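Trainee: The structure follows.
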Amino acid sequence: MVTTHTATVLGSATLADFWDRLFGTQSPPAVWLVVVTGVVALAAVIPGSLWRVSRNAVTIAHEGGHGLVALLTGRSLQGIRLHSDTSGLTVSRGRPTGLGMVLTAAAGYTATPLLGLGGAWLLAAHHITLLLWAATALLLALLVMVRNAYGVLTVTLTGAAFLLVSWLTEPGVQSVFAYTAVWFMLLGGVRPVFELQSKRRHGGAPDSDADQLGRLTHVPPVVWLAFFHLVAFCSLIGGGRWLLGL
C-alpha cells in the first residue's frame with residue numbers, strides 16, 4: 001500500500017521531472033549538421049513541386065498569426081480556413097478600422113519569419129524540447145479555430161509530427177527535426193513575399209494583406225511589401241546566426 005505521504009512525494013518527483021524535461025537544456029547538433037538541416041529546409045522551399053506541399057506549413061503560420069493578433073487586440077476570432085491550394089482565410093469581428101485591424105492584417109506575412117526567429121532563439125539557448133512542445137501547443141490551439149476539413153487535416157498532421165518526434169525519438173533526432181523546422185520557417189518566410197510581389201505586379205491579389213493595409217493606413221501597398229521583406233530577411237539573418245552559433 002502506498003501512503004498519502006509517499007504518493008505526494010512521487011507526485012512531486014514526477015512533476016519535477018516534467019518541468020526539468022520541459023525547461024531543461026539539450027545538446028545541440030554539430031555545426032555541420034546544423035548546416036545540413038538548413039540545406040534540407042532550403043530544398044523544401046526552392047523547388048516548386050516540393051513548395052506546393054511544404055507551403056501548407058507556412059499557410060498555417062500565416063493564418064495563425066492573423067488569428068493570434070486578432071485575439072490579442074480584442075477582436076473576436078470567428079474561424080480559420082486552410083485550403084488545398086495553400087491559401088487561407090481568417091475571419092474576425094471588430095472595428096473595421098483602427099490599430100487592431102492594422103496589426104491583424106500585418107501579422108500574416110510577418111508571422112512565419114518571426115516564429116522562425118523565436119524558434120532560433122530557443123534553439124540557441126538549447127531548449128529543444130521546449131520548442132517542440134510549444135509548437136505542439138500552438139498547433140493544438142489553432143486546431144480549435146479551424147473551420148474546414150482540409151485545415152483540420154493539415155494542422156492535425158503537423159501537430160502529430162511534432163508530438164511524435166518529441167515523445168518517441170532520441171534526443172539526436174529531436175534536435176535535427178527542430179533545427180530543420182526552424183530553418184524552414186526562416187527560409188519559408190521569405191518566398192511568400194516575393195510571390196505576393198509578383199502577383200501584384202501582374203495585376204493579381206487585389207485584396208492582399210498589403211492592399212488591405214494600404215487602404216487602412218493610406219500608406220502605399222508597396223511600402224507594406226517592403227516591410228514584409230524587411231521582417232523576413234532580418235529574421236533570416238538573425239535567426240541563422242543564432243542557429244549557427246555566431
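Trainee: Could you tell me which numbered condition Gly119 fails, if it satisfies all but one of (1) surrounded by fewer than 21 Cβ atoms within 10 Å (Cβ to Cβ); (2) assigned to a helix (DSSP H, G or I)?
Mentor: Going through the list (1) surrounded by fewer than 21 Cβ atoms within 10 Å (Cβ to Cβ); (2) assigned to a helix (DSSP H, G or I), Gly119 breaks only (1).
Residue-wise test of (1) out of contact with any Cys (no Cβ under 7 Å at 6 or more places or on another chain); (2) assigned to a helix (DSSP H, G or I); (3) of a type outside the set (S, T, N, Q); (4) touching a residue at least 24 places away in the same chain (Cβ under 8 Å).
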| site | (1), (2), (3), (4) |
| --- | --- |
| Ala105 | yes, yes, yes, yes |
| Thr110 | yes, yes, no, yes |
| Leu115 | yes, yes, yes, yes |
| Leu130 | yes, yes, yes, yes |
| Ala134 | yes, yes, yes, no |
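Trainee: To continue, here is another question. Given Val176, Val182, which one is of a type in the set (A, V, I, L, M), more than 30 Å from Leu77 (Cα to Cα) and in contact (Cβ under 8 Å) with a residue 24 or more places away in the chain?
Mentor: Val176
Trainee: Of all residues in region 129-143, which are among the β-branched types (Val, Ile, Thr) and modelled with pLDDT of 95 or more? Show your work before the answer.
Mentor: Initial filter on region 129-143 (among the β-branched types (Val, Ile, Thr)): 129, 136.
Within region 129-143, just Thr136 meets the criteria.
Trainee: Has region 163-172 got any residue that is in contact (Cβ under 8 Å) with a residue 60 or more places away in the chain and either farther than 19 Å from Leu103 by Cβ or not acidic (Asp, Glu) (or both)?
Mentor: Yes; the residues of region 163-172 include at least one that is in contact (Cβ under 8 Å) with a residue 60 or more places away in the chain and either farther than 19 Å from Leu103 by Cβ or not acidic (Asp, Glu) (or both).
Here is a yes/no grid of residues against (1) modelled with pLDDT of 95 or more; (2) on the phi > 0 side of the Ramachandran plot:
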site: Ala160; (1), (2): yes, no
site: Thr169; (1), (2): no, no
site: Val190; (1), (2): yes, no
site: His202; (1), (2): no, no
site: Ala205; (1), (2): no, yes
site: Leu213; (1), (2): yes, no
site: Phe228; (1), (2): yes, no
site: Ala232; (1), (2): yes, no
site: Arg241; (1), (2): yes, no
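Trainee: Another question about this same structure. Which residue pairs have Cβ atoms under 7 Å apart, sit 6 or more places apart or on different chains, and have a first residue in region 193-205 that is within 17 Å of Leu230 (Cα to Cα) and a second that is in a loop (DSSP other than H, G, I, E, B) and of a type in the set (Lys, Arg)?
Mentor: Between residues of region 193-205 that are within 17 Å of Leu230 (Cα to Cα) and residues that are in a loop (DSSP other than H, G, I, E, B) and of a type in the set (Lys, Arg), there is no close pair.
Trainee: Right, next: Can you spot a residue in region 217-229 that is open to solvent by less than 20 Å² (accessible area, probe 1.4 Å) and aromatic (Phe, Trp, Tyr)? Steps first, please.
Mentor: Of region 217-229, the ones open to solvent by less than 20 Å² (accessible area, probe 1.4 Å) are 225, 228.
Subsequent filtering for residues that are aromatic (Phe, Trp, Tyr) retains 228.
So far as region 217-229 goes, yes, one or more of its residues are open to solvent by less than 20 Å² (accessible area, probe 1.4 Å) and aromatic (Phe, Trp, Tyr).
Trainee: Further question: Quick one: count up the residues across region 1-57 that are surrounded by 10 or more Cβ atoms within 10 Å (Cβ to Cβ), under 23 Å from the mean Cα position of the chain (by Cα) and either at pLDDT below 65 or assigned to a helix (DSSP H, G or I) (or both).
Mentor: Residues meeting the conditions: 24.
Trainee: Here is a check on your reading of the model: is Val152 modelled with pLDDT of 95 or more, more than 20 Å from Trp242 (Cβ to Cβ) and buried (at least 22 other Cβ atoms within 10 Å of the Cβ)?
Mentor: Values: modelled with pLDDT of 95 or more: yes; more than 20 Å from Trp242 (Cβ to Cβ): yes; buried (at least 22 other Cβ atoms within 10 Å of the Cβ): no.
No; evaluated as a whole, the condition is false for this residue.
Trainee: Also, I was wondering about something else. Looking at Arg81, is it open to solvent by 20 Å² or more (accessible area, probe 1.4 Å), outside any loop (DSSP other than H, G, I, E, B) and of a type in the set (Lys, Arg)?
Mentor: yes
The values are calculated or read from the model by the stated rules, or taken from the named source; none is laboratory data. The shown structure was predicted, so the numbers you read here are calculated from the model rather than taken from an experiment. Note that we place each Cβ from the backbone using ideal geometry, even for glycine, and neighbour counts take in every protein chain shown. When the accessible area is computed, the model is the full protein with side chains, heavy atoms only, and any ligands, DNA or RNA have been set aside. Shrake-Rupley method; radii C 1.70, N 1.55, O 1.52, S 1.80 Å.
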